[in-house]
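Before any comments, here is the structure.
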Amino acid sequence: MPTSQRHKLMMSLLGWVVAFLVFFPILWMFLTSFKTELDAVSGTPNIFFEPTLENYAAVQERADYFRFAMNSIIISFGSTILALVFAIPAAYAMAFFPSKRTRGTLLWMLSTKMLPPVGVLVPVYLIFRDLQLLDSHLGLVIVFALMNLPIIVWMLFTFFKEVPKDILEAGRMDGASPRQELRFILIPLSVPGIASTGLLSVILAWNEAFWSLNLTTVAAAPLTAFIASFSSPEGLFWAKLSAASTMAIAPILIFGWLSQKQLVRGLTFGAVK
Amino acid sequence: MATLTLRNIKKVYGDVEVIQDLSLDIEDREFVVLVGPSGCGKSTLLRMIAGLEEISGGDLSIDDERVNELPPDRRGLAMVFQSYALYPHMTVADNMAFALRLAGVSREERMAKVGEAAKILHLEPLLDRKPRALSGGQRQRVAIGRAIVREPRVFLFDEPLSNLDAALRVQMRIEIARLHNSLDATMIYVTHDQVEAMTMADKIVVMNAGHIEQVGSPLDLYHHPESLFVAGFIGSPKMNFIEAKIASVGGDGTKVALSDGTKVAVPVSGGGMSSGDAVTLGVRPEDLTAVANDQATGGDLAGRVVVAERLGGETFLYTEVLDGQTLNLKGPGAMTYRVNDAIRLRIDGATCHLFRDDGKALPRLARNPMADLDAEPVAPGAAG
């Protein structure tokens, strides 16, 4: 076999191994969700077992999955839209009208991500209590939007940087106001970038557990709270926990699968040009 | 109708003054070319006129109205960018109609105006295409069409042809010149290409390091450069410069001596100069002639051919004379000199220029008749 072909084979083999390793926990969780509790905790891992749906039935019986799922959808999409509304003008200003402090501002925004969220839990909790935002959709939408804002601004900033300045200047010569520039030129040109940024924001918000566990109880609790409720003081129920987790990640997994082309294109945008 | 007046215009970036105290008048329907090496501030000046760049000081007026603070679209200008800057997600028709759409013009009227411009520029079959499906020349025509549709008072061109290949550049150059005649519009055109400047301009503004070196008609600049910089910039190949010393100053001209003692009489006024002062003698490559050995006189420079470039119709010879100085010569295509051949160059003093050591030219005693050719008024209807 020629070396180049062998090289190719090794690379794809390596790729498959890495992909399998990454995916393995999800696969294992998926399998466990169809086991009986006894099989699930057995010391010898087995992949051959009698599949059962009893865990799913039990989970649905204990908690209304669809209510939690609906909350997750509202909160993650709501927070993404809110964040984009602020991030697009911000990234536009920083990409096309940079000042001496633009770089510093961008880095400072990112640095806020380094703060452990628990450090501001008490003040945020107290503010939310006073504003009656605890356990409300709006409350989580605001928190998630703020949480993701730095990343969204950064991503949009890099996408906008790719748009030639001349095109926006031509728009200005044609009489476009800043808002019209955004609406008619920049946003249509950046749809792929905005879409992948939005997608990432939805996924991050969907998976967020810290704030949703601490700021919600029942009414606005998303799927992360739903999962957590199965690691209960009554004991560990691996199979039920797995079933709950599988149900929790299923929507975002399908959503991500459908839009993976967009996502990959967005994340590598500008890398090759 | 549009006249432009620039009074003491300044542009400052931080501590750097990129344009210093610049004043310029642009007449109605004039085709003005701003030319200069890269970084001389010509594009910045155009962008300040356009309103894309803030004016740090001075007054910019269009038709006697100060427009310093007006946004670009309210100045009644249209600009054609070097990169075309078409909207990639819109069709050719939408690109051209965008300004009208923003201005709230009705759809029928928009389409009528786009159709008119498309006809002038032969773009009709392309109106439904997206810019990426067009060639470079077609894109440039759309960019010009987008400017025409707005019926601006002044057209601004920022190096519009530099992304095109040589053949297309010549063709577009002619098209823009024709457009200028048929639209009767004031146009300001920025380029670093002196051929574009010479062929298209009514008035050339030569810029250098943020200030104006000279303003004049193409042939005025060619025959009467006021400085070493303009002399070197206008004309291709570049003017030859030879170190010399004043030999004598008289009423009918100034005589200089080259380093080998050769004397050249130049018809310029030597006011203020005295014998022995260092000057630079400027000779255009087309004013140098190669003479055969048997016709040689004492006034010829002996040298050797270093490089010969044959273009078919003409020949450029790069020669070495006077201990290593390079002189370029432009001659007919039939020149048979080869590399390393000995050559004798004759300098015709009547066509030479003299520059003082501060770079200023000594004024010529008489104006070259060609320099005032373009100043003759053109009879209406004669052009286009």
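At 1.4 Å probe size, what's the solvent-accessible area of A:Trp154? Round to the nearest 10 Å².
Roughly 70 Å² of A:Trp154 is accessible to a 1.4 Å probe.
Could you identify which residue out of A:Leu241, A:Leu223, A:Leu189 has the top mean-square fluctuation in a GNM of chain A using Cα springs shorter than 10 Å?
A:Leu189
Mind putting together the pair-distance distribution for the protein assembly as shown? All Cα pairs, 10 Å bins, whole percent per bin, short to long.
Cα pair-distance distribution for the protein assembly as shown, in percent: 3, 11, 16, 16, 14, 12, 10, 7, 5, 3, 2, 0.
Which helices of chain A meet both criteria: a Cα extent of 18 Å or more along the helical axis and a mean Kyte-Doolittle score no lower than 0.5, with helices taken as whole DSSP H segments? Intermediate results must be reported in sequence, preceding the final value.
On the way: long enough: A:3-32 (42 Å, 1.22); A:65-96 (45 Å, 1.53); A:137-161 (34 Å, 1.91); A:191-207 (24 Å, 1.37); A:238-258 (29 Å, 1.36).
In chain A, the long hydrophobic H runs are A:3-32, A:65-96, A:137-161, A:191-207, A:238-258.
Please list the non-local residues whose amide H lies under 5 Å from the amide H of B:Glu213, H modeled 1.01 Å from N, same-chain partners needing a gap of 5 or more.
Amide H to amide H, under 5 Å and 5 or more residues apart or across chains, B:Glu213 pairs with B:Val206, B:Met207, B:Asn208.
Per the helix-only calculation at 222 nm, which mean residue ellipticity applies to chain B, given -39500 (n - 2.57) for every DSSP H run of n ≥ 4 and division by its residues, nearest 500 deg cm²/dmol? Spell out each step's value before the answer.
Details: 8 runs with 85 residues, N = 384.
Estimated from H runs of four or more residues: -6500 deg cm²/dmol.
What ranking do A:251-257, A:44-50 get when scored by the average of other Cβ atoms within 10 Å per residue, highest first? Show your work: numbers first, answer last.
On the way: A:251-257: 14.1, A:44-50: 8.1.
Top to bottom by mean Cβ count within 10 Å: A:251-257, A:44-50.
Ignoring ligands, DNA and RNA, how do B:Arg367, A:Arg183, A:Arg172 rank by accessible area with a 1.4 Å probe, largest first? Please report the intermediate quantities before stating the final value.
Details: B:Arg367 120, A:Arg183 160, A:Arg172 50 Å².
Solvent-accessible surface, decreasing: A:Arg183, B:Arg367, A:Arg172.
Estimate the FRET efficiency between A:Gln60 and B:Asp128 by the formula 1/(1 + (r/R0)^6), using the beta-carbon distance for r and 60 Å for R0, to the nearest 0.05. Mind showing how you got there, number by number?
Details: r = 55 Å, r/R0 = 0.91.
With a Förster radius of 60 Å, E is 0.65.
List the residues whose amide H sits under 5 Å from the amide H of B:Ile347, counting only those 5 or more places along or on another chain, with H placed 1.01 Å from N in the peptide plane.
B:Leu301
What residues have an amide H closer than 5 Å to that of B:Leu354, excluding those fewer than 5 places away on the same chain, when H is modeled at 1.01 Å from N in the peptide plane?
B:Gly282, B:Leu362
Contour minus end-to-end for B:Glu54 and B:Asp348, with contour as 0.36 nm per residue of separation and end-to-end as the Cα-Cα distance?
Working: separation 294, 0.36 × 294 = 105.84 nm, distance 4.89 nm.
Full extension of this stretch gives 100.9 nm more.
So what is the relative contact order of chain A, in percent, for Cα pairs below 8 Å that sit 6 or more residues apart? Show your work: numbers first, answer last.
On the way: 252 pairs, mean separation 84.7, N = 273.
It comes to 31 percent, rounded to a whole number.
Could you bin all the Cα-Cα distances of chain B into 10 Å bins starting at 0 and give me the percent of pairs in each, rounded to whole numbers?
5, 20, 25, 22, 15, 9, 3, 0
Determine the sum of side-chain charges near B:Val149: Lys and Arg each +1, Asp and Glu each -1, restricted to other residues whose C-beta is under 9 angstrom from that of B:Val149. Mind showing how you got there, number by number?
Values: positive: B:Arg110, B:Lys113, B:Arg146, B:Arg150; negative: B:Glu116, B:Glu151.
With Lys, Arg at +1 and Asp, Glu at -1, the net is +2.
Note down the accessible area of B:Thr326, probe 1.4 Å, to the nearest 10 Å².
My reading of the accessible area for B:Thr326 is about 80 Å².
Taking only Cα atoms and a 10 Å spring cutoff, compute GNM fluctuations for chain B and point out the largest among B:Gly270, B:Gly51, B:Gly104.
Checking each option, the largest mean-square fluctuation is seen for B:Gly104.
Quick one: Cα centre-to-centre distance for segment B:172-194 and segment A:34-52, in angstrom?
If we compute the Cα centre of each part, the gap is 81 Å.
Which order do A:Thr158, A:Thr197 take by accessible area at a 1.4 Å probe, largest first?
Numbers: A:Thr158 70, A:Thr197 0 Å².
I get A:Thr158, A:Thr197, largest accessible area first.
Using just the helices of chain A, give the 222 nm mean residue ellipticity in deg cm²/dmol: DSSP H runs with n ≥ 4 each add -39,500 (n - 2.57), and the total is spread over all residues, rounded to 500. Walk me through the numbers on the way to the answer.
Working: 13 runs with 188 residues, N = 273.
Value at 222 nm, helices only: -22500 deg cm²/dmol.
Where does each of B:Arg284, B:Arg178, B:Arg364 land when they are ordered by accessible area, with a 1.4 Å probe and the largest first?
Numbers: B:Arg284 5, B:Arg178 150, B:Arg364 60 Å².
Heavy-atom accessible area, descending, gives B:Arg178, B:Arg364, B:Arg284.
Taking each full run of DSSP H in chain B as one helix, which ones are at least 24 Å long along their axis (Cα atoms) and have mean Kyte-Doolittle hydropathy of at least -1.0?
On the way: long enough: B:166-183 (25 Å, 0.22).
Membrane-span-like by this rule: B:166-183.
Compute the Rg to Rh ratio over segment A:60-267 from the alpha carbon atoms, using the Kirkwood formula for Rh, and round to two decimal places.
Details: Rg = 19.6 Å, Rh = 18.8 Å.
When Rh is taken as the Kirkwood radius, the ratio is 1.04.
What does the charge add up to near A:Leu215, with Lys and Arg as +1, Asp and Glu as -1, over the other residues with Cβ less than 11 Å from its Cβ?
Charge balance in the 11 Å sphere: -1.
May I ask you to work out the translational diffusion coefficient for segment B:240-365 at 25 °C, viscosity 0.890 mPa s, via Stokes-Einstein with Rh from the Kirkwood sum over Cα pairs, reported in whole µm²/s? Provide the component values of the computation, followed by the final result.
On the way: Rh = 15.0 Å.
Using the Kirkwood radius from Cα pairs, D works out to 163 µm²/s.
Given the options B:Asp28, B:Asp300, B:Asp260, which has the most mean-square fluctuation in a GNM of chain B, springs set between C-alpha atoms less than 10 angstrom apart?
Of B:Asp28, B:Asp300, B:Asp260, the most mobile in the Gaussian network model is B:Asp260.
Distance in nm between label sites at A:His7 and B:Val215, each 7 Å beyond Cα in the beta-carbon direction?
6.3 nm
Taking beta carbons within 10 Å but only from partner chains, what does the mean come to for residues B:18-30? Kindly include the intermediate steps, with their values, before the conclusion.
Values: counts 0, 0, 0, 0, 0, 0, 0, 0, 0, 0, 0, 0, 0.
Other-chain Cβ atoms within 10 Å of each residue's Cβ, averaged: 0.
Got a number for the accessible area of B:Glu309? Probe 1.4 Å, square angstrom, nearest 10.
My reading of the accessible area for B:Glu309 is about 70 Å².
With a sphere of radius 12 Å drawn around the Cβ of B:Ser248, what net charge do the other residues whose Cβ falls strictly inside it have (Lys, Arg +1; Asp, Glu -1)? Please list the in-between numbers first.
On the way: positive: B:Lys245, B:Lys255, B:Lys263; negative: B:Asp252, B:Asp277.
Charge balance in the 12 Å sphere: +1.
Which parts of segment A:139-166 would a label at A:Ser99 reach, counting a residue when its backbone N lies under 15 Å from a point 7 Å out along Cα-to-Cβ?
No residue passes the distance filter.
Report, as an integer, the average count of C-beta atoms from other chains found within 10 Å of each Cβ along B:103-113.
Working: counts 2, 0, 0, 0, 0, 0, 0, 0, 0, 0, 0.
Averaged over the peptide's residues, the number is 0.
How far apart, in nm, are two points set 7 Å out from the Cα along the Cα-to-Cβ line at A:Val22 and at A:Leu236?
2.7 nm
Give me the inter-chain shielding for B:90-96: mean count of other chain Cβ atoms within 10 Å, whole number please. The partial results should precede the final answer.
Working: counts 3, 0, 0, 0, 1, 2, 0.
The mean count of partner-chain Cβ atoms within 10 Å per residue comes to 1.
If one computes the Cα centroid of segment B:2-22 and of segment B:148-165, what distance in Å separates the two points?
Spelled out, the Cα-based centre of one part sits 22 Å from the other.
State which entries of B:Lys255/B:Lys330; A:Lys165/B:Lys203; A:Lys165/B:Lys11; B:Lys203/B:Lys238; A:Lys100/A:Lys165; B:Lys42/B:Lys203 exceed 22 angstrom in Cα-Cα distance in the structure shown. Kindly include the intermediate steps, with their values, before the conclusion.
Numbers: B:Lys255/B:Lys330 25 Å; A:Lys165/B:Lys203 30 Å; A:Lys165/B:Lys11 20 Å; B:Lys203/B:Lys238 20 Å; A:Lys100/A:Lys165 18 Å; B:Lys42/B:Lys203 15 Å.
Violating the 22 Å Cα-Cα cut-off are B:Lys255/B:Lys330; A:Lys165/B:Lys203.
From zero outward in steps of 5 Å, how is the percent of C-alpha pairs of segment B:136-258 spread across the bins?
2, 9, 17, 18, 16, 13, 9, 4, 4, 4, 3, 1, 0
The values are calculated or read from the model by the stated rules, or taken from the named source; none is laboratory data. Here the structure is a predicted model, which is why all the values come from computation and not from measurement. As a convention, Cβ positions derive from the backbone with ideal geometry for all residues, glycine included, and neighbour counts pool all protein chains shown. For the accessible areas, the whole protein counts, side chains as well, though only heavy atoms, and no ligand, DNA or RNA atoms are used. Shrake-Rupley method; radii C 1.70, N 1.55, O 1.52, S 1.80 Å.
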